[in-house]
Amino acid sequence: MKTYTLSAPAKLNLALDVTGTRTDGYHFLETVFQTISIYDRVTVRLTDTPGIVMHCTQRFVPCNPKNIAWKAAERFCEKAGYSGGIDITLEKHIPTQAGMGGGSTDAAATLLALQKLTNEPLSQQQLAEIAVTLGADVPFFLYGGTAYAAGIGEQLEPLVPFRAKHIVVAKGKKGVSTAEAYRKIDALENPVHPPVQQLRQAITEKKPLAEIAPLCGNLFESVVSLPEITQIRQIMLEHGALCSVMTGSGAAVFGLFKTQTQAQDAQKRLSGTVPFVTLCETIE
């Protein structure tokens with residue numbers, strides 16, 4: 001049967017702010033997304049047996065309707081009128097509960113693979129409509145690169161590609177519950193909002209990295225209090241990071257470095273401290 005495999009990239013939120021809450025409980029966001037060279041691998045195969053089957057290389061990732069990629073396949077089938085079988089294999093490399101979009105990128109890759117395998121029955125707008133029902137990050141992953149997003153993630157504006165070749169991403173042992181993080185955000189009084197619009201403008205104007213990095217920030221840092229995050233940020237800054245910022249609702253932290261040597265030194269130092277640390281770069 002027909003098979004299609006995609007590399008599904010992780011993302012960073014170079015800046016992330018929460019600006020309000022809708023009556024249905026969804027939160028209004030402002031963020032600058034950036035895809036990076038850390039990937040899951042998603043393989044989708046059409047089968048003769050109706051229904052969805054899922055496999056994953058990480059045993060603690062659910063291979064059932066709770067998985068966002070499974071939900072993506074279900075909603076694609078409903079919208080496209082496809083009634084055949086679907087077999088999905090997730091080869092995971094993006095850490096979970098990291099704020100790097102691991103589940104969302106898998107869902108977007110599943111949608112794109114099914115669109116390809118079934119001869120593109122849906123418009124790009126229809127794919128985007130499915131994506132926004134799955135999560136705030138999923139619409140972005142249909143495109144990738146550098147983008148400003150607002151609303152609940154559905155208002156996307158591609159930006160001039162942001163290029164950073166020396167990035168360190170690290171995550172400690174503990175994860176962050178997105179739902180709990182949002183509850184704490186809702187309880188904040190007089191929060192200090194990151195300068196998302198200034199960052200958006202700086203990227204548009206192609207400002208140098210040294211001017212862009214200080215504009216990176218994340219409102220969730222004010223409510224997520226994990227000692228590991230504090231330690232990671234401190235080590236990155238001690239090794240010359242131009243900024244060290246948590247991505248998404250946590251718990252991964254990224255550092256932007258001017259030189260490869262600085263980034264490698266920070267990675268080496270962190271490798272003895274946390275279970276996940278890697279060098280990467282931005283991708284378009």
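The table below gives the values:
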read-out: Residue check, ASP17 out of contact with any Ser or Thr (no Cβ under 6 Å at 6 or more places or on another chain), at pLDDT 95 or above and either under 21 Å from VAL253 (Cβ atoms) or of a type in the set (Val, Ile, Thr) (or both); value: yes
read-out: Answer residue from the stretch 150-193, given it is among the basic types (Lys, Arg) and at pLDDT below 95 and is least open to solvent (accessible area, probe 1.4 Å) among those; value: LYS184
read-out: Residues satisfying the stated conditions in the stretch 90-119, i.e. among the hydrophobic types (A, V, I, L, M, F, W, C) and closer than 23 Å to CYS280 by Cβ; value: LEU90, ILE94, ALA98, MET100, ALA107, ALA108, ALA109, LEU112
read-out: Candidate set from the stretch 94-126 (those that are of a type in the set (A, V, I, L, M), modelled with pLDDT of 95 or more and not in a helix (DSSP H, G or I)); member that is farthest from THR35 (Cα to Cα); value: LEU122
read-out: Selection from the stretch 56-76 of residues that are open to solvent by less than 40 Å² (accessible area, probe 1.4 Å) and within 13 Å of ALA131 (Cα to Cα); value: ILE68, ALA69, TRP70, ALA72, ALA73, PHE76
read-out: Single condition GLY99 does not satisfy, out of (1) more than 30 Å from LEU159 (Cα to Cα); (2) among the small types (Gly, Ala, Ser); (3) open to solvent by less than 30 Å² (accessible area, probe 1.4 Å); value: (1)
read-out: Identity of the residue in the stretch 225-260, in contact with a His (Cβ under 9 Å, 6 or more places away or on another chain) and open to solvent by 40 Å² or more (accessible area, probe 1.4 Å), that ends up nearest to ALA181 (Cα to Cα); value: LYS258
read-out: Subset of the stretch 223-254 [hydroxyl-bearing (Ser, Thr, Tyr) and without any contact (Cβ under 8 Å) to a residue 60 or more places away in the chain]; value: SER225, THR230, SER244
read-out: ARG41 vs. criteria more than 27 Å from LYS165 (Cβ to Cβ), open to solvent by 30 Å² or more (accessible area, probe 1.4 Å) and charged (D, E, K, R); value: no
read-out: Members of the stretch 196-221 found to be in contact with a strand residue (DSSP E or B) (Cβ under 8 Å, 6 or more places away or on another chain), closer than 24 Å to GLN234 by Cβ and open to solvent by 40 Å² or more (accessible area, probe 1.4 Å), listed by number; value: LEU209, PRO214, GLU221
read-out: Residue ranges of strands (runs of 3 or more DSSP E) in the stretch 1-70 with at least 2 members under 22 Å from LEU256 (Cα atoms) and polar (S, T, N, Q); value: 27-47
read-out: Pairs where the first residue, in the stretch 131-152, is polar (S, T, N, Q) and the second is modelled with pLDDT under 95 and open to solvent by 20 Å² or more (accessible area, probe 1.4 Å), C-beta under 8 Å, 6+ apart; value: THR146/GLU284
read-out: Some residue of the stretch 72-93 being assigned to a strand (DSSP E or B), within 30 Å of PHE162 (Cβ to Cβ) and of a type outside the set (Gly, Ala, Ser); value: yes
read-out: Residues satisfying the stated conditions in the stretch 116-130, i.e. without any contact (Cβ under 8 Å) to a residue 60 or more places away in the chain, open to solvent by less than 30 Å² (accessible area, probe 1.4 Å) and either within 18 Å of LEU90 (Cβ to Cβ) or among the small types (Gly, Ala, Ser) (or both); value: ALA128
read-out: Residue check, GLU91 surrounded by fewer than 18 Cβ atoms within 10 Å (Cβ to Cβ) and either touching a Phe, Trp or Tyr at 6+ places or on another chain (Cβ under 8 Å) or over 30 Å from LEU14 (Cα atoms) (or both); value: no
read-out: Which listed residue is of a type in the set (Phe, Trp, Tyr), more than 22 Å from GLU30 (Cα to Cα) and in contact (Cβ under 8 Å) with a residue 24 or more places away in the chain, from PHE257, PHE220; value: PHE257
read-out: Qualifying residue in the stretch 124-134 (condition: farther than 16 Å from ALA80 by Cα and not β-branched (Val, Ile, Thr)); value: yes
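The values are calculated or read from the model by the stated rules, or taken from the named source; none is laboratory data. Note that the coordinates shown come from a computational prediction; the quantities given were computed from them, not determined experimentally. Note that we place each Cβ from the backbone using ideal geometry, even for glycine, and neighbour counts take in every protein chain shown. For accessibility, only protein heavy atoms count, side chains too; no ligands or nucleic acids. Shrake-Rupley method; radii C 1.70, N 1.55, O 1.52, S 1.80 Å.
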